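Asker: First, the structure itself, so that you have it in front of you.
The values are calculated or read from the model by the stated rules, or taken from the named source; none is laboratory data. All values reported here derive from a predicted model rather than from experimental measurement. Here Cβ is always computed from backbone atoms with ideal geometry, including for glycine, and neighbour counts include all displayed protein chains. Ligands, DNA and RNA are excluded from the accessible area calculation, which covers all protein heavy atoms including side chains. Shrake-Rupley method; radii C 1.70, N 1.55, O 1.52, S 1.80 Å.
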Amino acid sequence: MTRNIVVYCGAANGNSADFTATAIAVADWIVDNRYTMVYGGGSVGLMGTTAKRVLDRGGSVHGVIPKILRDRGTAMEGLTQLSVVPDMTARKHMMLELGDVCLALPGGPGTLEEISEAFSWARLGLNNNPCIFLDVHDFWKPLAQMFDTMVANAFLTAEDRKKLLFTSSLDSLNEWISSYEPPAIRQYHTSTSDERSSEGGR
Ligand code: AMP
């Protein structure tokens, strides 16, 4: 059965050729590992670069684009499949439903929002896909540190923090994906002191 990898990445290219080179390397990895790429359906930025490369290599790409963006003419032509959905919320749901893995390349607020939601939902038991941040020039390092800060301040368990992979190496992905187990469904504590000991101490 074909597996789907959801790729979140910038609708811009960034200011370094290394971002584009990484998007191309990711596309090659997707094809070599026989994934279908699921993404936002755009033709611009790293989104377009990755999708185009997968298609050029003979791979499959399923775009999921909200009607409003399709009507602005930003959809990629020639995709294997293009789903036009009513809005961004429907798009994010569909992408997660289709996906087996979530991978974020460098990007802007849209990328951050989508992969953050995927991880947040994993903790609620609504997303069983591993969430991976592919680093280029330490792009995601401040976010990794932010998650560490959440653990230090007892807003995130150390155990759940370990469910996120930050890596600059595509070679590490397969082992991570095959051994991944979703977080235990999040527990809540009514008393502040309980929460302190539970969130930070696990
Ligand atoms: P950003 O990271 O802010 O550049 O936004 C990229 C993310 O937002 C992608 O993962 C898409 O889901 C969505 N997005 C933003 N602009 C577009 C566009 N022109 N076409 C399709 N999706 C887009």
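Asker: I'd like the accessible area for Arg57, computed on protein heavy atoms only with a 1.4 Å probe and all protein chains in place. Round to 10 Å², please.
Answerer: 100
Asker: Another question, if that's okay. Could you give the size of the charge dipole of the chain about its Cα centre, using +1 on the Cβ of each K and R and -1 on the Cβ of each D and E, expressed in debye and rounded to the nearest 20?
Answerer: With Lys and Arg at +1 and Asp and Glu at -1, about 340 debye.
Asker: Here is a follow-up. What length, rounded to one decimal in nm, is gained on full extension from Lys162 through to Ser179, with 0.36 nm per residue of separation minus their alpha-carbon distance? Kindly include the intermediate steps, with their values, before the conclusion.
Answerer: Values: separation 17, 0.36 × 17 = 6.12 nm, distance 1.25 nm.
Gain on stretching Lys162 to Ser179: 4.9 nm.
Asker: Oh, and also: Going 7 Å from the Cα of Glu113 along its beta-carbon direction, which residues of the stretch 50-68 have the amide nitrogen within less than 18 Å of the resulting point?
Answerer: Under 18 Å, as judged by backbone N against the label point of Glu113, lie 64-68 of the stretch 50-68.
Asker: Sticking with this one: Send over the Kirkwood Rh of the stretch 123-173, from the inverse of the averaged 1/r over different Cα pairs, rounded to one decimal Å. Display every interim value, and only then the final one.
Answerer: Working: mean 1/r = 0.0839 Å⁻¹.
Value: 11.9 Å, from the Cα pair sum.
Asker: When the solvent-accessible surface of protein heavy atoms is calculated with a 1.4 angstrom probe, in what order do Glu113, Glu175, Glu77 fall, highest first?
Answerer: Glu77, Glu175, Glu113
Asker: Ranked from the most accessible area to the least, with a 1.4 Å probe and all protein chains present, what is the order of Leu124, Leu103? Intermediate results must be reported in sequence, preceding the final value.
Answerer: On the way: Leu124 65, Leu103 0 Å².
The most accessible residue leads, giving Leu124, Leu103.
Asker: List the residues of the stretch 139-157 whose backbone N lies under 16 Å from a point placed 7 Å from the Cα of Ser16 along the Cα-to-Cβ direction.
Answerer: Residues 139-144 qualify, since their backbone N sits under 16 Å from the label point.
Asker: For Met88 and Ile68, compute 0.36 nm times the residue count separating them, minus their Cα-Cα distance, and round to one decimal in nm. Can you show the working numbers first?
Answerer: Values: separation 20, 0.36 × 20 = 7.20 nm, distance 0.91 nm.
Once the chain is fully extended between Met88 and Ile68, it gains 6.3 nm.
Asker: Which whole-number percent is the relative contact order of the chain (Cα, under 8 Å, 6+ apart)?
Answerer: Worked out over the chain, it gives 19 percent.
Asker: Let me ask something else. Restricting to DSSP H runs of at least four residues, report the calculated mean residue ellipticity at 222 nm for the chain, -39500 (n - 2.57) per run over all residues, nearest 500 deg cm²/dmol. Provide the component values of the computation, followed by the final result.
Answerer: Values: 9 runs with 92 residues, N = 202.
So the helix-based figure for the chain works out to -13500 deg cm²/dmol.
Asker: Follow-up. Rounded to the nearest 5, what is the percent of antiparallel bridges among the DSSP beta bridges in the chain? Before the final figure, lay out the partial values.
Answerer: Working: 1 of 24 bridges.
The antiparallel fraction comes to roughly 5 percent.
Asker: Please arrange Phe139, Phe19 by accessible surface area, largest first, computed with a 1.4 Å probe and ligands excluded. If you can, show how the numbers build up before the last one.
Answerer: Working: Phe139 75, Phe19 25 Å².
The ordering from most to least exposed comes out as Phe139, Phe19.
Asker: What FRET efficiency comes out for His189 versus Asn128 if R0 is 25 angstrom and r is the Cβ-Cβ distance? Round to the nearest 0.05. Please list the in-between numbers first.
Answerer: Numbers: r = 24 Å, r/R0 = 0.98.
Between His189 and Asn128 the formula returns 0.55.
Asker: Once you have the Cα-Cα distance between Asp148 and Asp56, take 0.36 nm times their residue separation minus that, and quote the gain in nm to one decimal. Don't jump to the answer; show the numbers that get you there.
Answerer: Working: separation 92, 0.36 × 92 = 33.12 nm, distance 3.90 nm.
Extra length available between Asp148 and Asp56 comes to 29.2 nm.
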